[in-house]
């Protein structure tokens, strides 16, 4: 049931902030992912490289639009079958996980692949709750991110894909219009999308 409680807590905690919208963290965060430069490719298997590349690029700024040099973006997501590394024994330890450090202008460009939707676990109390409510167990495809910079309030969020399966019917009710991506295909066949993160000042 944590995913449902987490959503409500996040909604309450973020009401008074002006920066990028937050979302739930989910259960698959693992600290210590490899540090990567501002322009990078996430660690992935050869078979992952066979899928069209997804390029997420943008800038981390303060509320006035000034770029935040050396900000960190922890990015993790499922593979094309809905599995997360460190929670699926067939995947390498840090597959599709990384800690990206922004450049001198706060910019970043990350190459990865688009994840798949997946079902949340339906055993135990969560499964009984979903069944009793008459809900499906599906989450839309999404990217998880933790964005941090000294003196700023961290952002924990998820980015979704406009028009994707379950985007309008997420079992966790965590999607928000501000968190939708709409990639375009470039001449190299890559899915490219820009997304900027604005961080609030830190609070005591």
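Only the coordinates and a few stated rules stand behind these numbers; no lab work does. Fair warning: this is a prediction, and the values are worked out from it, not measured in the lab. Virtual Cβ from ideal backbone geometry, glycine too; neighbours counted across all protein chains shown.
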Expressed to two decimals, the chain has a Cα Rg over Rh, using the Kirkwood radius, of 0.95
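Per DSSP H run of n ≥ 4, the term is -39500 (n - 2.57); total these for the chain, divide by its residue number, and report the mean residue ellipticity at 222 nm rounded to 500 deg cm²/dmol.
That calculation yields -3500 deg cm²/dmol at 222 nm.
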With R₀ set to 41 angstrom, the calculated FRET efficiency between the beta-carbons of residue 202 and residue 136, to the nearest 0.05, is 0.60
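Hey, fewest Cβ within 10 Å first, where do 139, 39, 15, 146 land in order? Walk me through the numbers before you get to the answer.
On the way: 139 24, 39 14, 15 6, 146 18.
Fewest-to-most Cβ neighbours within 10 Å comes out as 15, 39, 146, 139.
How much length is gained on full extension from residue 80 to residue 49, taking 0.36 nm per residue of separation minus their Cα-Cα distance? It would help to have the intermediate numbers written out before the result.
Values: separation 31, 0.36 × 31 = 11.16 nm, distance 1.10 nm.
Roughly 10.1 nm would be gained on extension.
Residue 93 to residue 123: extension gain in nm, 0.36 nm per residue of separation minus the Cα-Cα distance?
On the way: separation 30, 0.36 × 30 = 10.80 nm, distance 2.53 nm.
Taking residue 93 through residue 123 to full extension adds about 8.3 nm, to one decimal.
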Distance in Å, no decimals, from the C-alpha centre of the stretch 15-64 to the one of the stretch 138-191 is 10 Å
